[in-house]
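J.: Pasting a structure here, questions to come.
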Ligand SMILES: [Zn+2]
C-alpha cells in the first residue's frame, strides 16, 4: 500500500498532488508540486500552515529557493479544498450564478456566506468568500472544481472550459468511456486564464477588466467582445469612453483612467452595441472604485509661488494642456513596460493630497517628482511623438509626448529641451534636462501621464503593460 501511494505521487499530474499521501493518525501530509509563481509563503497560506513547518518538513535551509516542479511535503494541511479559491474578485461579466458554476458551488452557499441579500447588487471588484479559511490572500488559480450536472459529459465540459478532453480525463483519472454522475466533482485543469463561464446577454461574449480591482488615480484596460459585428459606444461614470475597434468590429479595447479624486464607491459602466440590422443592445454593469491609498502633505508657498494656487494663472494653462492630452490617436505607439524618465530618487508620489498654506487637502499632486540634479538627462519612457515643447508659466519648459490610444506623458520644469513638435522619439531617447523653470521650489522633474485626458499614476505603467 505504501508503495502504491509513492507511485501515485510520482506520476499523478500536478493539480492532483494535493492528495493525501499519508493518513497515519499523526496529522495529514499532503504533497504539493511547485508551480510557476509559487512562493513558500503562498503555499503555506493556501494549505493553512506556516513557512517554517514546510521548510522543516522538507529540510529547506533557504526558504526563498524553491524550484518549479519540486515536490514539497505539506505537514498538517488544513481546511481549504484544493482548486477552489477561498476568495474571488467579481468580474464585470460575472453573476452569482456564473461564479457558482465556475467554482462548483451554489448561489445559495455564496449568498449565505457573504450575506448577500440582493444578487442584482453584485459589482465588479467585490470580494466574495467561497470557502472557509479565507486569509484575504486572493484567489488560487490552479484549477477549478466543476460539479457535474445531469446534462454534462466530458466533451461538453472540455469545450465549455476550453481544455483538451485528454487533459480533463487525465486530471480526473477518467477514461473516455467513464460515465459521469450528477454531483461528481471534477477538477478542471488549471490555467492562469479565466474560464469561459460568464454571464452576459447576447451579443456580448466578453467583458473583462484589468486590473480586477479598480482604484482612484489608476489606469484600467477594458476588453469587450461581441459574437457578431457591432458598432459600440460606452460610458464609465457617465464619461464617454473612446474605444479601439478591431477590423471585424467584434473586439473593443478601452484604456481609461479613474480621476484621482473620485469618491470611492460603485459606478455604472454602460455599453451599447448596435448590430448590422440596427438592433441596440444595452449592457450596464456596476464597478467598484476603491481608495488608491495616497499620502497627504502640507506645503507652505513662498509669496512668489502663490500663482500655483491662483486659478486666474493656472486655469488657462491647465485648459491648454487638457486640450492637448484629450486627443486620441488610434495607433498604439507604446509597448511593453514604460521606463523611468529620470534615474533620480522619487521625492513626491502621484496622488499625494496637498494642503497649501493651511488650506483643506483639496489639491492633488497629479504626477511623480524625481529629484534630478540640475542638467541631468530626461528620457522618453517608450515610443511617442512630441506634441508640445514650449515654455509655460506654471509648468516651465514643458514637453508632452503622444503615445497613441489616448495615452500622453508630460515633463515639466525642464532646463534644456532637446526635441521639437513632430519629432518621433523611442524609449530612452533624450528629451531634455532637469531644471527649475516655472513655479517650483527647486530642481526636479515632474512626470505626468494622461489616459483619455485623466492624469493617472505614471508608476503603474512602469510595472504593468496596457494593451
Ligand atoms: Zn510634481
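J.: I want the antiparallel fraction of DSSP beta bridges within the chain, as a percent rounded to 5. Show your work: numbers first, answer last.
T.: Numbers: 85 of 92 bridges.
That works out to approximately 90 percent antiparallel.
J.: Cβ neighbours within 10 Å, averaged per peptide: list 300-312, 446-458 in order, most packed at the top. Mind showing how you got there, number by number?
T.: Working: 300-312: 11.7, 446-458: 23.6.
Top of the packing list down: 446-458, 300-312.
J.: How far apart, in nm, are the 7 Å Cα→Cβ label points at residue 127 and residue 282?
T.: With each label point 7 Å from Cα toward Cβ, the separation is 3.4 nm.
J.: Let me ask something else about it. For the chain, just run the numbers: alpha carbon Rg, then divide by 2.2 N^0.38 Å, N being how many residues it has.
T.: On the way: Rg = 26.6 Å, N = 467, 2.2 N^0.38 = 22.7 Å.
So the Cα radius of gyration is 1.17 times the expected 2.2 N^0.38 Å.
J.: Extending each Cα 7 Å along its Cβ direction at residue 118 and residue 233, get the distance between those two points in nm, one decimal.
T.: 2.8
J.: For the range 310-363, what mean projected area does the convex hull of the alpha carbons give, in nm²?
T.: Numbers: hull surface 25.1 nm².
Dividing the Cα hull surface by four gives the mean projection, 6.3 nm².
J.: For the ranges 407-415, 459-467, 179-187, what's the packing order if you count other beta-carbon atoms within 10 Å of each residue, average per peptide, and put the highest first?
T.: 407-415, 459-467, 179-187
J.: Oh, and also: Compute the angle between helix 311-325 and the longest alpha-carbon principal axis of the chain, please, reported from 0 to 90 degrees and rounded to the nearest 10.
T.: Approximately 50 degrees, to the nearest 10.
J.: OK, next. Rounded to the nearest 500, what is the chain's calculated 222 nm mean residue ellipticity when only DSSP H runs of at least 4 contribute -39500 (n - 2.57) each, over all residues?
T.: Numbers: 9 runs with 74 residues, N = 467.
Helix contribution divided over all residues of the chain: -4500 deg cm²/dmol.
J.: Given Cα pairs under 8 Å that are at least 6 residues apart, what percent is the relative contact order of the chain? Write down the numbers at each step before the final one.
T.: Values: 1052 pairs, mean separation 50.0, N = 467.
About 11 percent, as a whole number.
J.: As I understand it, the value is the acute angle between the Cα axis of helix 2-11 and the longest principal axis of the Cα atoms of the chain; what does it come to in degrees, rounded to 10?
T.: So the inclination is approximately 40 degrees.
J.: Under a point spin-label approximation (7 Å from Cα along Cα-to-Cβ), what is the residue 68-residue 246 distance to one decimal in nm?
T.: Between residue 68 and residue 246, the simple spin-label model gives 2.6 nm.
J.: Listed highest first by mean packing, meaning other Cβ atoms within 10 Å per residue, what order do 336-342, 236-242 come in? Don't jump to the answer; show the numbers that get you there.
T.: Values: 336-342: 18.1, 236-242: 15.1.
For the peptides 336-342, 236-242, the packing ranking is 336-342, 236-242.
Each value in this text was obtained by applying a stated rule to the coordinates, not by laboratory testing. None of these values were measured; they are calculated from a predicted model. As a convention, Cβ positions derive from the backbone with ideal geometry for all residues, glycine included, and neighbour counts pool all protein chains shown.
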